Amino acid sequence: MESASSRKRKQADIRIQKRSDEYTVGWICAICTEYTAAQAALDEEHERPDDMAPGDHNDYTVGRMGKHNVVISVLPDGEYGTDSAALVASNMLHSFANIKVGLMVGVGGGAPSEKRDIRLGDIVVSASREGHSGILQYDFGKMVQGEPFQLTRVLNQSPRILRAAVNGLESQYQRKGYDQLRRIIDDILQSNPKLQRKFGRPDVTSDRLYRSEIIHPTDGINTPDCSVSCGDDPSKLTTRPRRVADESSPVVHYGLIASANTLMKDAVLRDKLALEKNILCFEMEAAGLMNQFPCLVVRGICDYSDSHKNKQWQGYAAIAAAAYAKDILHRIPLKDIGTLQRVIREEKAQIPSDEQKQELLKSLKFDQHKDRHDNIKAAHPDTCKWLQESVEYLDWLNPDKIRDHHGFLWIKGKPGAGKSTIMKSAPLTARKDMRKRIIISFFFNARGDSLEKSTIGMYRSLLLQLLQHIPALQDKLDLSDFIKNHDTDYRWHIASH
Ligand SMILES: [Zn+2]
């Protein structure tokens, strides 16, 4: 039966419509289950504002949670991963210019270890550890067999106000236990009775952690659930003691969340990363957000990032994460803090240090970046005469003719006819003709190393020359995506991205 308070709430829903700049909390979900959980956690739902940015195709639900006006959005159906999350965040900041607090809330795969007793339905909150920001993008790294995983990308950490609230809430949980969190979960489920079956807490017997070497059998598309195909054979399961005190409550864990564009379904790799980097959870979106939507990442654990199939916990894990996010919002005062847009602008406005610039230039350089150019014989001045007198060449030098040639001068000829020799000398002649212009060049070497014959190599070489010729450009670099690593090849995944 519908309660009086929920009826009252629904009546109120229809009336309230606010301006987009009255919303100060941005909440992003990846999948529909998480979106439902987030909506269910609202204390009051509003009409969508009319003044949103044109061209924003995000779906939004807006409302109030505690004292905060919250805008919630979700990735489009069928889209996953860091890039899609980044686009949703960027649209949201465009339409809701006054967002001050960012949250990424949803489900993730746990990485239980001897050090961390993570169970299904628990919550992992991103927190900086050992110099990492809280989110570790593990597809921007090197995984060499027998060597520790090397990280190659630096992400920003969560904003200060959120990190402070996380600590405040943690100490409250330490003193009083998880009663308040459990009350929020119960309240969400009670006020949304339709969700109880799919989002209620499953029985603890369905929480099975298989030993890492046990792989879920795959036989076609309709692989049965673990309860059927893997079973409860103790020899296959990792034995864990029952949680006595708080069996029906999530436990909150704080630490590193690993993020990548592919789903982690490999228990052996999971264990390796958990051991080497203290990873607690795997997911697919957060890395796309941290540098352009500084946020706290909250993940309810719905599986163990292995090959096994267990959908039972997804709903509850989503509710648990939403409840934690709601609890965090209770601790954040409504004071005047900077908007996320301002935070991002300030981060970007920072001029990189000389050391960072040198690092970046060094990362662009590769051994043979001008080998091919240097090995081409210089042409006798007369050899290029016909070229210098040709209409095509004179047009190419003439800025008024740019619309005709779009900056391209094509020279074609048989192999060995001397095209390279001419092109090496042509820019030199051009330099005399166009005194204040900067000439940069790249010669592909079909017989050279991969960078000598790839467009990546070309871009690296051209970019390096530009930055060297115009040092002022180095101050304009946005190094927020610059990755620290001694292997140059990996850094330039960013450039190709
Ligand atoms: Zn299984």
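Region 1-101 holds helices (runs of 4 or more DSSP H) entirely within its bounds, and those carrying 2 or more residues that are modelled with pLDDT of 95 or more and open to solvent by less than 10 Å² (accessible area, probe 1.4 Å) map to 32-40, 82-95.
Selection within region 286-314: residues that are charged (D, E, K, R) and in contact with a strand residue (DSSP E or B) (Cβ under 7 Å, 6 or more places away or on another chain). The member of this set that is nearest to the ligand (Cβ to nearest atom) is Asp306.
On the stretch given as region 191-241, residues that are open to solvent by less than 30 Å² (accessible area, probe 1.4 Å), in a helix (DSSP H, G or I) and within 16 Å of the ligand (Cβ to nearest atom) total 2.
The lone criterion from (1) under 19 Å from the mean Cα position of the chain (by Cα); (2) assigned to a helix (DSSP H, G or I); (3) surrounded by fewer than 20 Cβ atoms within 10 Å (Cβ to Cβ) left unmet by Lys272 is number (1).
Within region 219-245, residues that are outside the structural domain of Thr205 (by TED's automatic domain parsing) reach no partner that is in a loop (DSSP other than H, G, I, E, B) and within 12 Å of the ligand (Cβ to nearest atom) with beta carbons closer than 6 Å at six or more positions or on different chains.
Scanning region 442-453 for residues that are in contact with a Lys or Arg (Cβ under 9 Å, 6 or more places away or on another chain) and not in a helix (DSSP H, G or I) gives Phe442, Phe443, Phe444, Asn445, Ala446, Arg447, Gly448. Restrict the check to region 108-120 and report whether at least one residue is within 17 Å of the chain's Cα centre (by Cα), assigned to a strand (DSSP E or B), buried (at least 24 other Cβ atoms within 10 Å of the Cβ) and not aromatic (Phe, Trp, Tyr). Scanning region 108-120, I find at least one residue that is within 17 Å of the chain's Cα centre (by Cα), assigned to a strand (DSSP E or B), buried (at least 24 other Cβ atoms within 10 Å of the Cβ) and not aromatic (Phe, Trp, Tyr), so the answer is yes. Screening Ala260 on (1) away from the ligand (no atom under 16 Å from the Cβ); (2) within 21 Å of Gln312 (Cα to Cα); (3) open to solvent by less than 90 Å² (accessible area, probe 1.4 Å) shows it passes everything except condition (2). Exactly one residue among Pro381, Pro333 is at pLDDT below 75 and farther than 25 Å from Asp475 by Cβ, and that residue is Pro381. Looking at this structure, is Leu409 at pLDDT 85 or above and outside the structural domain of Asp139 (by TED's automatic domain parsing)? Here the answer is no, as Leu409 does not meet what is asked.
The residues listed here are Leu387, Leu360, Leu329; of these, the one that is open to solvent by less than 70 Å² (accessible area, probe 1.4 Å), part of a helix (DSSP H, G or I) and touching a strand residue (DSSP E or B) at 6+ places or on another chain (Cβ under 6 Å) is Leu329.
Condition check: closer than 21 Å to Ala37 by Cβ and either surrounded by 24 or more Cβ atoms within 10 Å (Cβ to Cβ) or within 16 Å of the ligand (Cβ to nearest atom) (or both). Does Ala267 satisfy that? Criteria not met by Ala267. Tell me, which residue of region 315-326 that is of a type outside the set (A, V, I, L, M) and open to solvent by less than 10 Å² (accessible area, probe 1.4 Å) is farthest from the ligand (Cβ to nearest atom)? Taking the candidates together, the pick is Tyr324.
In this structure, is Lys335 within 16 Å of the ligand (Cβ to nearest atom) and open to solvent by 30 Å² or more (accessible area, probe 1.4 Å)? So Lys335 fails the test.
The values are calculated or read from the model by the stated rules, or taken from the named source; none is laboratory data. Note that this is a predicted model, so its numbers are computed, not measured. No Cβ is skipped: glycine too gets one built from the backbone with ideal geometry, and neighbour counts run over all protein chains shown. For the accessible areas, the whole protein counts, side chains as well, though only heavy atoms, and no ligand, DNA or RNA atoms are used. Shrake-Rupley method; radii C 1.70, N 1.55, O 1.52, S 1.80 Å.
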